[in-house]
């Protein structure tokens, strides 16, 4: 019988491969880089809106569910909280994205449907993980994020239909909603929900949850702004073709980040927490943690630096090779990012949440400021400079404060 951990690896691996396959497919078979750029802006916008509405409330709710075992009451409070954010924030976000023509209005309704299904699917994924149903969670995640890609490839290679980004996004929405509905059905059976009654919200618990999640949300949102804000500036000044080139590079960079995090950090981080009170054991494991992260990062970055140019050549788009200096700077940036993780988790274990928030905000302000100055003139190369410097600033500050005993002077 296949173990739960192996099933998790299989489904997460299939999801990652599916995302790569679709980006490669658009990169090679589209007439130019425009489709890839448009898809990149759409996925980035949906991710940011979901994160904005999610508010990292799950961080608080996960702890409350484990502590109280009252799943239905906590889920109900979280539902009310998200509903309020939908009313307050979603119209503003949609007005910015469609008002500035980052996403064409022809995608409006399917975009809206994807926000609902992707957000609810993400929250249910986290809930299933909390309820120790991780294999089910990862299977449903693959259905919504990966399975539709193979239908799109079947549509092009077997049915011989022309590339149509709108059709592919509709496929994504169908599978996203299908996965979400399956999740709701499974949740109802898992925790024996007979009826989700709309009792009066517990305002005190909701406010407490928002306060406790606020620090994590601002810190995470700052990091997402570093990762994604440059795409909007590239689109505004240089168009979606250049966003397409930058999205292709970012897909490789993200794969390095995801692999190191999944293979090393997720495995070793819980052990570091357990051993923190035993100083000598913690130091030994922490040294191994640093070594493993740096060695894996260096190896993957070197492999990517050597292999990526051949893949870009295979895609037969001259621009992918023309801007290789941008890709190389992004590789350097992800090295600083991964190096910063080892000090990030040391500070996190020491409960220096406010310090980490301040560092994230400093790095974000650095990134946005540099993007505003560099992207109009230098395009995606300017974006890569801003990203690299921001991750370097993050690394230096986390290193410095991880090594010292005074944490409140920043």
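What follows draws every value from the coordinates through simple rules; no lab data is involved. Just so it is clear, the model here is predicted, and its values are computed rather than measured. When we count neighbours, we look across all protein chains shown, and the Cβ atoms used for this are built from the backbone with ideal geometry, even at glycine.
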To the nearest 0.05, how large is the calculated FRET efficiency for residue 322 and residue 204 if R₀ is 41 Å and r is the Cβ-Cβ distance?
0.10
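Highest mean first, what order results for 394-400, 39-45 on Cβ atoms within 10 Å?
Working: 394-400: 20.3, 39-45: 22.9.
Result, highest mean first: 39-45, 394-400.
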With each pseudo-label sitting 7 Å past Cα toward Cβ, what's the residue 86-residue 287 distance in nm, one decimal?
5.3 nm
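Sorting 353, 101 on the 10 Å Cβ count, fewest up front, what's the list?
If I rank by nearby Cβ atoms, fewest first, I get 101, 353.
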Could you tell me which of rounded, prolate or oblate describes segment 240-410, using a ≥ b ≥ c as the square roots of the eigenvalues of the alpha-carbon gyration tensor, with rounded for a/c under 1.5 and, failing that, prolate when a/b is larger than b/c and oblate otherwise?
oblate
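In percent, how large is the relative contact order of the chain, given Cα pairs closer than 8 Å and 6 or more residues apart? Each step should come with its number before you reach the end.
Working: 435 pairs, mean separation 87.9, N = 410.
The value is 21 percent.
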Give, in nm to one decimal, the length gained when the segment between residue 255 and residue 303 is fully stretched (0.36 nm per residue of separation minus the Cα-Cα distance).
16.1 nm
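Taking the Cβ of each residue in 327, 269 as the centre, tally the other Cβ atoms inside 10 Å and list the residues starting with the fewest. All intermediate terms of the calculation are to be shown ahead of the outcome.
Values: 327 25, 269 15.
The fewest-first ordering by Cβ neighbours comes to 269, 327.
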Relative contact order [Cα under 8 Å, 6+ residues apart], segment 33-201, whole percent
27 percent
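As an exercise, find the ratio Rg/Rh for segment 33-201 from alpha-carbon atoms, using the Kirkwood inverse-distance average for Rh. Don't jump to the answer; show the numbers that get you there.
Numbers: Rg = 17.4 Å, Rh = 17.4 Å.
Radius of gyration relative to Kirkwood radius: 1.00.
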Sum -39500 (n - 2.57) across every DSSP H segment of at least 4 residues in the chain, then divide by the residue count to get the 222 nm mean residue ellipticity, nearest 500.
-29000 deg cm²/dmol
Which part of segment 106-148 falls in the paramagnetic zone of residue 262, meaning amide N under 11 Å from the point 7 Å along Cα-to-beta-carbon?
142
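Relative contact order of segment 240-410: what whole-number percent is it, with Cα pairs under 8 angstrom and at least 6 residues apart?
Details: 145 pairs, mean separation 42.8, N = 171.
Relative contact order for segment 240-410 comes out at 25 percent.
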Would you mind computing, in nm to one decimal, how far apart the modelled labels at residue 164 and residue 362 are, each placed 7 Å from Cα along Cα→Cβ?
5.3 nm
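Using only the alpha carbons of the chain, what is the convex hull's orientation-averaged projected area in square nanometres? Mind dumping the intermediate values first?
Values: hull surface 86.6 nm².
Taking a quarter of the hull surface, the average projection is 21.6 nm².
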